[in-house]
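Each reported figure results from applying straightforward, stated rules to the coordinates on display, with no laboratory input. Worth saying up front: this structure is predicted, and the values here are computed from it rather than measured. A quick note on method: Cβ atoms are made from the backbone with ideal geometry, for glycine too, and the neighbour counts reach across all protein chains shown.
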Amino acid sequence: MLFIPFKPLLAGGDPVDLIWLALGSAALAEFAAHARPGAIVLDLQHGLWDRHSLEAAVGMAGRHVPVIARCAANTPHHIGQALDSGASSVLVPLVETADEALRAVMAGRYPPAGVRSAGGVRPLLAGIEAMLEAGGHVAVGVMIETVQGVENIEAIAAVPGIDYLFIGTGDLALSRGTNDPEVLERDCRRVFEAAQQRGMPCGIYTGTMGAARDAFGKGYKLAVCASDADVAKAGFMQATQGVRA
């Protein structure tokens, strides 16, 4: 196995804390892995990752913790490229319908279960049989982050092959057109309950340690306890303000 698999964590009884990385630094990915979170997420949609930095980050961090690649788009090209890095899971953004969810699942599986193209440098290091075996351990997650996704969540959750749901709270607030916590909480609970009815783990973007702990208390399986951008920004601000004080 070229990576530490993510699926066993989804099946386990403990919550999974995530560190979210967007700055495109393989060195920071190694630092994050050294902190031993449940897993790290490399944000290929909004982050600064290119193909080389992605491969380097997975090579460094994937030996210590599972790596989730939040791909740039729900296409076979973007999903396949994310998984070719050796990531143990792909997280597909902006899924709004059952058909889109099925496309994500198909793109994450090799034939005959799906349409993922065989190849990539890292998957083929140990040969084709090892590539196919590793492909069978990939976890496919879909992000629910629009009003349409919430409205279709029961149909999305029923799609075979989805391993977990993940709520993108920032885009969901934009889509809903409000930051009203009661409104957003209703949306999040509907997604959470749809996952529960299917016996499926549900995650949520939180962003801080305290918010992640609150999410775990509500029953969410996955939550983000820190992001590289926020940690760096807060650390620099604390240092400059502290020295001036």
Q. What residues qualify as long-range amide H neighbours of residue 223, i.e. H under 5 Å apart, gap of 5 or more or another chain, H built at 1.01 Å from N?
A. 16, 18, 204
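Let me know the charge dipole size of the chain about its Cα centre in debye, to the nearest 20, where only the beta-carbon of Lys, Arg (+1) and Asp, Glu (-1) is charged. List each step's numbers first, then the result.
On the way: 19 positive and 25 negative charges, 84 e Å.
That gives the chain a dipole magnitude of about 400 debye.
Just need the relative contact order of the chain here, percent rounded to a whole number, with Cα pairs under 8 Å and 6+ apart.
19 percent
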(Q) Using the alpha carbons of the range 129-225, what is the convex hull volume per residue in cubic angstrom, as a whole number? (A) 108 Å³
Q: State to the nearest 20 debye the size of the charge dipole of the range 99-146 about its Cα centre, where the only charges are +1 on K and R beta carbons and -1 on D and E beta carbons.
A: 140 debye
Q | Local electrostatic count, residue 160, Cβ distance below 15 Å [Lys/Arg +1, Asp/Glu -1] | A | -1
Q.
Over the chain, what portion of Cα pair distances is larger than 25 Å, expressed as a whole percent?
A. 39 percent
Q: Taking the Cα centre of the range 2-110 as origin, work out the dipole magnitude from +1 charges on Lys and Arg Cβ and -1 charges on Asp and Glu Cβ, in debye rounded to 20.
A: 240 debye
Q: Would you grab the residues whose amide H sits under 5 Å from the one on residue 109? Only those 5+ places off in sequence or on another chain, please, with H modelled 1.01 Å from N.
A: 115, 116
(Q) Show me, for the range 199-212, the HN-Hα J-couplings you get by feeding each phi into the Karplus relation (A = 6.51, B = -1.76, C = 1.60, θ = phi - 60°), rounded to Hz, glycine and proline as x. (A) x, 10, x, 10, x, 8, 7, 10, x, 10, 4, x, 5, 5
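Grab the other residues whose beta carbon is less than 12 angstrom from that of residue 180, score K and R as +1, D and E as -1, and report the net. Walk me through the numbers before you get to the answer.
Working: positive: 176, 186; negative: 182, 185, 187.
Computed value for this residue: -1.
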Q) Label-point separation (nm) for residue 31 and residue 130, each offset 7 Å from Cα along Cα-to-Cβ? A) 3.2 nm
Q: Could you give me the radius of gyration and the Dmax of the range 60-122, taking only the C-alpha atoms into account and expressing both in angstrom?
A: 11.7, 35
Q) Taking θ as phi - 60°, what are the ³J(HN,Hα) couplings along the range 170-179 by the Karplus curve (6.51, -1.76, 1.60), each to the nearest whole Hz, with x for Gly and Pro? A) x, 5, 5, 5, 4, 5, 6, x, 7, 9
Q) Simple spin-label model, 7 Å along Cα-to-Cβ: residue 237 to residue 97 in nm? A) 4.1 nm
Q.
Can you compute 3J(HN,Hα) from phi for each residue in the range 68-79, using the Karplus curve 6.51 cos²θ - 1.76 cosθ + 1.60 with θ = phi - 60°, rounded to whole Hz and x for Gly and Pro?
A. 9, 9, 7, 6, 6, 6, 8, 9, x, 5, 5, 5
Q.
For a quick check: with amide H placed at 1.01 Å from N, whose amide H comes under 5 Å from residue 41's, ignoring anything fewer than 5 positions away on the same chain?
A. 19, 20, 21, 68
Q: Could you give the C-alpha radius of gyration of the range 1-87 expressed as a fraction of 2.2 N^0.38 Å, taking N as the number of residues it contains?
A: 1.00
Q. What is the local net charge at residue 228, summed over the other residues whose Cβ is closer than 14 Å to its Cβ (Lys, Arg +1; Asp, Glu -1)?
A. -1
